[in-house]
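The values are calculated or read from the model by the stated rules, or taken from the named source; none is laboratory data. None of these values were measured; they are calculated from a predicted model. All Cβ positions, glycine included, derive from the backbone under ideal geometry; neighbour counts span all protein chains shown.
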Amino acid sequence: MTADVFMDVVKQGIFLFLTVVSPALIVSLVVGLIISIFQAITQINEQTLTFVPKILAVFFTIALTGSWMFQKVIDYTIMLWTQYLSMI
């Protein structure tokens, strides 16, 4: 395996990771921003108020997009086994 092939595998893996994780992170960011605005408006300074809605939102996001995430990871794994391992 040459350095170019290795770098290509790593680059595709990092891109896959960012693609798969981004929906949950974006939802968590949006929910956190909405709760922060709500806390600023109502002047409620409860630290635990942000955790439960974020956890629920991320859970539902993963429940909705989990099959897509899993399929992306499976496709990447199959590509690794079929293409790159044959180059060794």
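Could you tell me whether any residue of the range 21-31 is of a type in the set (A, V, I, L, M), closer than 30 Å to W81 by Cβ and out of contact with any helix residue (DSSP H, G or I) (no Cβ under 7 Å at 6 or more places or on another chain)?
Of the residues in the range 21-31, the ones of a type in the set (A, V, I, L, M) are 21, 24-27, 29-31.
Retained after the next criterion (residues that are closer than 30 Å to W81 by Cβ): 21, 24-25.
Then drop every residue that is not out of contact with any helix residue (DSSP H, G or I) (no Cβ under 7 Å at 6 or more places or on another chain), which leaves 21, 25.
Taking every residue of the range 21-31 in turn, at least one turns out to be of a type in the set (A, V, I, L, M), closer than 30 Å to W81 by Cβ and out of contact with any helix residue (DSSP H, G or I) (no Cβ under 7 Å at 6 or more places or on another chain).
Applying the selection to the range 11-33, what residues are within 18 Å of F60 (Cα to Cα) and of a type outside the set (S, T, Y)? I'd like the intermediate steps shown before the answer.
Step one: filter the range 11-33 for residues within 18 Å of F60 (Cα to Cα), giving 19-33.
Once the filter is applied, which keeps residues that are within 18 Å of F60 (Cα to Cα) and of a type outside the set (S, T, Y), the range 11-33 yields V20, V21, P23, A24, L25, I26, V27, L29, V30, V31, G32, L33.
Output the qualifying pairs, or none if there are none: Cβ atoms under 8 angstrom, residues six or more apart or on different chains, first residue in the range 67-88 and farther than 15 Å from G13 by Cα, second residue at pLDDT below 90.
Correct list of pairs: M87/M1; M87/V5; I88/M1.
Being of a type in the set (V, I, T) and within 26 Å of the chain's Cα centre (by Cα) is the filter here, so list the residues in the range 33-47 that pass it. It would help to see each step written out before you state the result.
Going through the range 33-47, the residues of a type in the set (V, I, T) turn out to be 34-35, 37, 41-42, 44.
Hits for the range 33-47 are I34, I35, I37.
Return the total of residues in the range 1-21 being under 22 Å from the mean Cα position of the chain (by Cα), surrounded by 11 or more Cβ atoms within 10 Å (Cβ to Cβ) and not aliphatic (A, V, I, L, M). First the steps, then the outcome.
Residues of the range 1-21 that are under 22 Å from the mean Cα position of the chain (by Cα), as a first pass: 7-21.
Filter once more, keeping what is surrounded by 11 or more Cβ atoms within 10 Å (Cβ to Cβ): 8-9, 12-13, 15-17, 19-21.
Within this subset, residues satisfying the condition of being not aliphatic (A, V, I, L, M) are 8, 12-13, 15, 17, 19.
Residues that pass the stated criteria total 6.
Scan the range 50-65 and tell me whether some residue there is among the small types (G, A, S) and at pLDDT below 90. Please lay out each step first, then the result.
Our first condition is that a residue be among the small types (G, A, S); within the range 50-65, this holds for 57, 63.
Applying the additional criterion that residues be at pLDDT below 90 yields none.
For the range 50-65, residues among the small types (G, A, S) and at pLDDT below 90: absent.
Among the residues of the range 5-25, are any of a type in the set (S, T, N, Q), at negative phi and at pLDDT 95 or above?
yes
Can you work out which of the residues in the range 41-81 that are in a helix (DSSP H, G or I) and among the charged types (D, E, K, R) is surrounded by the fewest Cβ atoms within 10 Å (Cβ to Cβ)?
Step one: filter the range 41-81 for residues in a helix (DSSP H, G or I), giving 41-42, 47-49, 51-81.
Now narrow it down to the ones that are among the charged types (D, E, K, R): 54, 72, 75.
Working: K54: 17, K72: 15, D75: 11.
My answer is D75.
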